[in-house]
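The values are calculated or read from the model by the stated rules, or taken from the named source; none is laboratory data. As the structure is a prediction and not an experimental result, all values here were calculated from the model. Cβ coordinates were reconstructed from backbone atoms using ideal geometry, including for glycine residues, and neighbour counts include every protein chain displayed.
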Amino acid sequence: MKAQLIEFQMGKVLPKEAFDQIAPAVSEGRLVVFPTEVSYVIGGDAFNQQLVTRVRALRPEAQGPLALYISSITEFRLYVVPILPRLRRALERCLPGPYGVIVRATQAAPRACVTQAGTIEVHMPASQSYQMFYEASGRPLVGLKLDSVRREDVLDRFGEQADLIVLTNEPMNPQSYAVLDFTQDPPVARAGELPSWLKSYID
């Protein structure tokens with residue numbers, strides 16, 4: 001079965017019909033592709049075990065915890081143990097933004113996202129398209145970051161696998177992506193590069 005398609009236009013509000021598609025797709029545990037400022041992500045409801053199993057099946061070689069996608073500092077504080085005071089301002093400058101941050105998880109965090117060491121990788125994308133999608137979804141999300149930003153690649157790869165694909169004309173910048181480990185002092189980059197501003201921020 002082919003995926004349902006929704007297209008976001010930068011600078012425009014989310015049409016009601018798009019909201020009416022997104023909300024049930026996520027709440028019912030369907031597999032969705034959604035945009036961020038660095039790439040598309042495939043995933044869905046972080047607390048739906050069947051959905052988590054479907055996402056993991058897309059990448060059998062990587063069976064570890066999945067990344068958590070949220071949209072506010074309030075949610076962040078719900079799922080993340082407070083970090084060292086001297087690092088807090090630096091971390092909060094990263095979010096929202098094109099970064100994943102590795103931090104310690106609370107008991108409220110989705111189990112699918114928590115490592116055996118008790119850490120979690122959290123993303124809070126800043127893109128308008130992501131924020132509109134998240135608001136419509138109404139749920140914390142898990143996901144796998146895709147390598148491509150081209151809509152043709154997304155449709156070719158997931159047009160038959162996903163249940164819903166949300167496309168956007170908002171520009172994406174994969175080069176800005178990094179995963180930053182804030183369980184270390186100073187933080188280290190686990191993917192991409194440590195931003196230059198962060199190096200000076202914590203010195």
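Tell me the strands (runs of 3 or more DSSP E) entirely within segment 108-203 that contain at least 2 residues that are within 17 Å of Val38 (Cβ to Cβ) and not hydrophobic (A, V, I, L, M, F, W, C).
Details: elements: 119-123, 141-145, 164-168, 178-181, 188-191.
The qualifying strands (runs of 3 or more DSSP E) are 119-123, 141-145.
Mind checking which residues of segment 67-107 are in a helix (DSSP H, G or I), under 18 Å from the mean Cα position of the chain (by Cα) and in contact (Cβ under 8 Å) with a residue 60 or more places away in the chain?
Glu75, Tyr79, Leu91, Arg93, Cys94
Cβ-Cβ below 6 Å, separation at least six or inter-chain, first residue in segment 144-164 and within 28 Å of Gly192 (Cα to Cα) and surrounded by 13 or more Cβ atoms within 10 Å (Cβ to Cβ), second of a type in the set (S, T, N, Q) and at pLDDT 95 or above: which pairs?
Lys145/Ser39; Leu146/Ser39; Val149/Ser39
Pick out the one residue from Val32, Val38, Val13, Val26 that is surrounded by fewer than 23 Cβ atoms within 10 Å (Cβ to Cβ) and either at pLDDT 95 or above or within 22 Å of Pro96 (Cβ to Cβ) (or both).
Numbers: Val32 fails: surrounded by fewer than 23 Cβ atoms within 10 Å (Cβ to Cβ); Val38 fails: surrounded by fewer than 23 Cβ atoms within 10 Å (Cβ to Cβ); Val26 fails: surrounded by fewer than 23 Cβ atoms within 10 Å (Cβ to Cβ).
Only one candidate passes the filter, namely Val13.
Using beta carbons and a limit of 6 Å, which pairs, at least six apart or on different chains, have the first residue in segment 190-203 and farther than 16 Å from Ser176 by Cβ and the second one modelled with pLDDT of 85 or more and not aliphatic (A, V, I, L, M)?
If the second residue must be modelled with pLDDT of 85 or more and not aliphatic (A, V, I, L, M), the pairs left are Ile202/Pro186.
With Arg151, Arg111, Arg190 as the choices, which residue is within 30 Å of Lys16 (Cβ to Cβ) and out of contact with any Gly (no Cβ under 7 Å at 6 or more places or on another chain)?
Arg151
When you scan segment 165-189, how many residues do you find that are closer than 20 Å to Leu68 by Cβ, without any contact (Cβ under 8 Å) to a residue 40 or more places away in the chain and out of contact with any Leu (no Cβ under 8 Å at 6 or more places or on another chain)?
Residues flagged as closer than 20 Å to Leu68 by Cβ, without any contact (Cβ under 8 Å) to a residue 40 or more places away in the chain and out of contact with any Leu (no Cβ under 8 Å at 6 or more places or on another chain) within segment 165-189 amount to 1.
I'm checking my understanding of the structure. Among residues of segment 138-147 that are within 17 Å of Val55 (Cα to Cα) and not β-branched (Val, Ile, Thr), which one is farthest from the chain's Cα centre (by Cα)?
Asp147
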